[in-house]
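Worksheet for the structure shown next.
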Amino acid sequence: MKCPFCRDLENKVIDSRLTEESDVIRRRRECLHCQRRFTTYERAEAALPMVVKKDGRRESFDRHKIVAGLKRACEKRPVGIEAIEGVVDRIERSLQERGDKEVPSSLIGEALMRELHGLDTVAYVRFASVYRSFQDIGEFMEELQQLIKERRAEGRPRKPRAH
């Protein structure tokens, strides 16, 4: 493991522990060269399916790409990185359970939309606007109207606007 500070390869593990989900090992390390400490996370690499894009291209499932997209959607929202990581963990797990060698990107996109819908409606709308590629304001407004109907059906009141 390369030290992120001095790039030296020699370090020692000070502490190891499983995360709450017990699928990741968190290790505290100390560089033997510069004596600075850093944390690493180890995750068993699971066989995930290839993702078939809308244009037919195939690419490997990329967890980091999904996390980055969710971070952008959740920017300046009260959504922590733990919640984002949890969303991606659930999606990875569901893909593994399917056992398919290939999955359409639309399957992943729709799963992300469902997760965001329950997590933060503003992040959901941001993600939807990019994912669904709204062509005009009318399409965007239809999505917002649907969200408003769902909120009212759930009995959730509208939040008053701050001035």
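The values are calculated or read from the model by the stated rules, or taken from the named source; none is laboratory data. None of the values given here were measured: they were computed from a predicted structure. As a convention, Cβ positions derive from the backbone with ideal geometry for all residues, glycine included, and neighbour counts pool all protein chains shown.
Does Glu150 meet the test of being under 13 Å from the mean Cα position of the chain (by Cα) and either part of a helix (DSSP H, G or I) or outside the structural domain of Arg57 (by TED's automatic domain parsing) (or both)? So that I can check it myself, show each step before the final result.
Numbers: under 13 Å from the mean Cα position of the chain (by Cα): no; either part of a helix (DSSP H, G or I) or outside the structural domain of Arg57 (by TED's automatic domain parsing) (or both): yes.
Answer is no for this residue.
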Given the criteria over 16 Å from the mean Cα position of the chain (by Cα), surrounded by fewer than 17 Cβ atoms within 10 Å (Cβ to Cβ) and assigned to a loop (DSSP other than H, G, I, E, B), does Ser133 qualify?
yes
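Can Glu20 be described as at negative phi, touching a residue at least 12 places away in the same chain (Cβ under 8 Å) and not assigned by TED's automatic domain parsing to the domain that holds Asp120?
Working: at negative phi: yes; touching a residue at least 12 places away in the same chain (Cβ under 8 Å): no; not assigned by TED's automatic domain parsing to the domain that holds Asp120: yes.
When the stated conditions are applied, Glu20 does not pass them.
Any chance you could count how many residues in region 68-78 are in contact with a Lys or Arg (Cβ under 9 Å, 6 or more places away or on another chain) and outside any helix (DSSP H, G or I)?
3
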For region 1-67, which fully contained strands (runs of 3 or more DSSP E) count at least 3 residues that are within 26 Å of Ser105 (Cβ to Cβ) and of a type in the set (Asp, Glu)?
none
Only one of Arg36, Arg7, Arg27, Arg43 is among the basic types (Lys, Arg), touching a Ser or Thr at 6+ places or on another chain (Cβ under 7 Å) and farther than 30 Å from Gln146 by Cα, namely Arg27
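Within region 83-102, can you find the residues that are closer than 20 Å to Ala44 by Cβ and not in a helix (DSSP H, G or I)? Walk me through it before giving the result.
Taking region 83-102 as the starting set, the residues that turn out to be closer than 20 Å to Ala44 by Cβ are 85-101.
Matches in region 83-102: Gly99, Asp100, Lys101.
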